[in-house]
Every structure is written in C-alpha cells, then in structure tokens.
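Have a look at the structure below before the remarks.
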Amino acid sequence: MAKAKTTPDSFKEKLARLESISDQLENEDLEIEQMIQIYEEGMKLSNECLTLLKEAELKINEIKLNNQKNN
C-alpha cells in the first residue's frame, strides 16, 4: 500500500524516500496507475537529489579554490 505523500526536506530524507519507492516498486503488487505515480515521485526526488549533490560539489570546489589562494 502506498504511503501518505509528504515532501521530504533534506537530502537524507529524499534519499530514504527514494529507497522506499524502489522497494515498493520491486516488492509490492501495485496497480499500474499507482506504479506510475510512485515512479514519477521517485524521478522528481532523484532530480532534486542530483541538484543538491551538484550544489554541494560546487561549494566544495569553491572552498578548495579559496584554500589554495590563501596558501
């Protein structure tokens, strides 16, 4: 059965929800409409996680660059 829809805020929450979605799609006997809805949510969360990771990478590179300039 599908969980109540809530919007995860942090990367960790988004990732946990993605794992839950993956488990649901692999293990539950869902109607096609439910599967599509859950898959769509998963893709949205995946894109949000990728954006957060890219932002973190940019921030890390910026910190490294500033550190190199100071040394």
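All of the numbers you see were taken from the coordinates with simple rules; none came from a lab. What you see is a predicted model; the values in this text were computed from it and never measured.
Brief remarks on what is shown
- Degrees between helix 32-70 axis and first principal axis of the chain (Cα, 0 to 90, nearest 10): 10
- Rg/Rh for the chain, where both radii come from Cα atoms and Rh is the Kirkwood radius: 1.22
- Crossing angle, helix 11-27 versus the chain [Cα axis fit, 0-90 degrees, rounded to tens]: 30
- Estimated from helices alone, the mean residue ellipticity of the chain at 222 nm is -28500 deg cm²/dmol (sum of -39500 (n - 2.57) over DSSP H runs with n ≥ 4, per residue).
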